[in-house]
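Beneath this line is the structure, given in structure tokens, with notes to follow.
The values are calculated or read from the model by the stated rules, or taken from the named source; none is laboratory data. None of these values were measured; they are calculated from a predicted model. Heads up, the Cβs are rebuilt from the backbone with ideal geometry, glycines too, and the neighbour counts pull from every protein chain shown. All accessible areas refer to the heavy atoms of the entire protein, side chains included, with ligands and DNA or RNA removed. Shrake-Rupley method; radii C 1.70, N 1.55, O 1.52, S 1.80 Å.
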Amino acid sequence: MSVVALIGAQWGDEGKGHLVDLLASKARLVVRYGGGNNAGHTVVNHLGTFKLHLIPSGIFDPSTVNVIGSGVVISPEGLLQELDDLKSRGINTSKLFISERAHVIMPYHIMFDRFQEDARGDDKIGTTGRGIGPAYADKMNRSGIRMADLLHEETLLNRLRSVLEEKNRLLTKLYGAKPLSLHDTYLRYLDFGHKLADHITDTHPIIMRALEKDMPILLEGAQGCLLDVDYGTYPYVTSSPPGAAGACQGAGIGPTRVDSVIGVYKAYTTRVGQGPFPTELADGPDADALRQIGKPWAEVGTTTGRLRRVGWFDAVMARYAAQVNGIDTLAITKLDVLDELANIKICVGYKLHDATLEYPPATTAVLDQVEPVYEEMPGWMSPTSDVRRFQDLPEAAQAYVARICQLVGARLGIISVGPDREQTIIASEVF
Ligand code: GDP
Ligand code: IMO
Ligand code: MG
């Protein structure tokens, strides 16, 4: 296996960072391919606990090359902060390369993100407020600024001059905000470019060399398939394609070169922000059990600190995500969170009036009306966090995992039973 895409298969926060850190020692190259610092990837290993937003989670293996691909939108300020944090903790970042083609999140993107959310009122999306949507919109509108532009004084000044004129009109006339100064913005972003210059490069030759030499390459997803701008619960989605197609596009690797797509699923479901969530549990003992408040892995957003909404595993959504993305291998995380539950539910279908749906409907209005059809399985009521082999899991846990694989329609690859790199069960080798 040479190229593996590891993608979030629910609404994000499935434990992608944890698994990329685990697999990075086998990969020679890790490419983060999409999203921006809306992502928060937690890595727990022998070096400590780290919260990454833009830097690939393969950074802790000194022999692995890490690339921030062309599909990512970058907050230079956030990235510099992350680099400083890692360096101050003794992590070597010299093998981090940033695509010249990646787009830059500018201050006006962050302002627009917040103004637009305010304007949506009750219909707000619940974005992370990091300027992600406006940055991707500008990229598609061909008015974006790219990382390469930060390295060329004249290009940056010219691009900024033409873009800022329009942005300042919007800021002042539409939102009643203060205009941004061309001079200050230019100097600030030029400085970011100087500080990041050693890392910014054309990443295409790096990726091509790795492909030619058949090196194991891991494509690190951010967000999750149900937040996909085309196939997610639109408009309650992010502004990029976080799935397998996005992996190819954002890394610059053709689909014929990808050997396997690992879908990362929590053993239950969570969501941050607004939008439909058919299996959501309102307050109650089961919801409390899933939230794990007080534990280091509690369901609290890594980036924004918001409480995550929680619910049972939704096999309708899970299978749909697998179908749209060609997921062939499952990684099931946080199985240990279910250790103390006497009964566990899985949603196996949606009822809509008299019909049973096998696929999630395309519109929020209809999705809001579906009733989950549950199947109940017995819990195992014993700790799993020290288990390292599938056959050593309690029988009820084995049965639960097997049922998920059957419903989703993919083979089992990895089970995770704790946040630490070591707390994983490898059911089938990835590379
Ligand atoms: P990501 O965005 O997909 O990388 O996931 P996050 O890091 O945002 O959220 C996952 C959370 O669960 C983090 O706090 C991880 O440390 C933690 N975690 C990951 N895998 C496991 C697991 O198997 N068990 C437990 N208890 N925690 C886990
Ligand atoms: P990781 O990589 C969970 C959600 C936001 C919001 C919606 C749109 O850690 O899994 P945006 O700021 O992207 O415009 O917000 O998407 N969202 C995430 N939820 N994990 C993430 O990333 C997310 N990135 C964005 O909460 O609902
Ligand atoms: Mg996260």
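Does V44 satisfy the condition of being open to solvent by less than 10 Å² (accessible area, probe 1.4 Å) and either touching a helix residue (DSSP H, G or I) at 6+ places or on another chain (Cβ under 8 Å) or within 11 Å of ligand 3 (Cβ to nearest atom) (or both)?
Judged against the criteria, V44 is not a match.
Go through (1) of a type outside the set (F, W, Y); (2) within 16 Å of ligand 3 (Cβ to nearest atom); (3) without any contact (Cβ under 8 Å) to a residue 24 or more places away in the chain and name the single condition G284 misses.
Here G284 meets the rest and fails (2).
Of the residues in the stretch 17-34, how many are within 10 Å of ligand 1 (Cβ to nearest atom) and open to solvent by less than 10 Å² (accessible area, probe 1.4 Å)?
Of the residues in the stretch 17-34, 4 are within 10 Å of ligand 1 (Cβ to nearest atom) and open to solvent by less than 10 Å² (accessible area, probe 1.4 Å).
Tell me, yes or no, whether the stretch 242-253 has at least one residue that is in contact with a Gly (Cβ under 7 Å, 6 or more places away or on another chain), in contact (Cβ under 8 Å) with a residue 40 or more places away in the chain and not in a helix (DSSP H, G or I).
yes
What's the total number of residues in the stretch 53-70 that are open to solvent by less than 10 Å² (accessible area, probe 1.4 Å) and among the small types (G, A, S)?
3
For the stretch 410-431, which residues satisfy the criterion of being in a loop (DSSP other than H, G, I, E, B) and either of a type in the set (V, I, T) or more than 13 Å from ligand 1 (Cβ to nearest atom) (or both)?
Within the stretch 410-431, A410, V417, A427, S428, E429, V430, F431 meet the criteria.
Here are K295, K345, K334: which of them is surrounded by 18 or more Cβ atoms within 10 Å (Cβ to Cβ) and closer than 22 Å to V43 by Cβ?
Going through K295, K345, K334 in turn, just one is surrounded by 18 or more Cβ atoms within 10 Å (Cβ to Cβ) and closer than 22 Å to V43 by Cβ: K334.
For G232, state whether it is part of a helix (DSSP H, G or I) and within 16 Å of ligand 2 (Cβ to nearest atom).
For G232, the condition - part of a helix (DSSP H, G or I) and within 16 Å of ligand 2 (Cβ to nearest atom) - is not met.
Restricting to the stretch 267-281, give me the number of residues that are assigned to a strand (DSSP E or B) and within 15 Å of ligand 3 (Cβ to nearest atom).
Of the residues in that region, 3 qualify.
Please give the number of the condition N168 fails out of (1) in contact with a Pro (Cβ under 8 Å, 6 or more places away or on another chain); (2) open to solvent by 60 Å² or more (accessible area, probe 1.4 Å).
(2)
Among G311, G284, G273, which is away from ligand 1 (no atom under 12 Å from the Cβ), touching a helix residue (DSSP H, G or I) at 6+ places or on another chain (Cβ under 8 Å) and among the small types (G, A, S)?
G311
Would you pick out the residues in the stretch 363-387 that are charged (D, E, K, R), within 30 Å of V237 (Cα to Cα) and exposed (fewer than 12 other Cβ atoms within 10 Å of the Cβ)?
E376
From the list D122, D85, D118, exactly one residue is more than 13 Å from ligand 2 (Cβ to nearest atom) and touching a strand residue (DSSP E or B) at 6+ places or on another chain (Cβ under 9 Å). Which is it?
D85
With on the phi < 0 side of the Ramachandran plot, away from ligand 3 (no atom under 16 Å from the Cβ), outside any strand (DSSP E or B) and of a type in the set (V, I, T) as the only criterion, which of I110, I55, I98 stands out?
Answer to the selection: I110.
Would you pick out the residues in the stretch 213-244 that are within 20 Å of S25 (Cα to Cα) and more than 16 Å from ligand 1 (Cβ to nearest atom)?
Within the stretch 213-244, K213, D214, M215, P216, I217 meet the criteria.
V4 fails exactly one of the following numbered conditions: (1) more than 15 Å from ligand 1 (Cβ to nearest atom); (2) over 24 Å from A427 (Cβ atoms); (3) part of a strand (DSSP E or B). What is the number of that condition?
Evaluating V4 over (1) more than 15 Å from ligand 1 (Cβ to nearest atom); (2) over 24 Å from A427 (Cβ atoms); (3) part of a strand (DSSP E or B) leaves (2) as the failure.
With the requirement that a residue be out of contact with any helix residue (DSSP H, G or I) (no Cβ under 6 Å at 6 or more places or on another chain), touching a residue at least 12 places away in the same chain (Cβ under 8 Å) and open to solvent by less than 50 Å² (accessible area, probe 1.4 Å), what does the stretch 389-418 give you?
Within the stretch 389-418, L393, P394, A396, A397, A399, Y400, V401, I404, C405, G413, I414, S416 meet the criteria.
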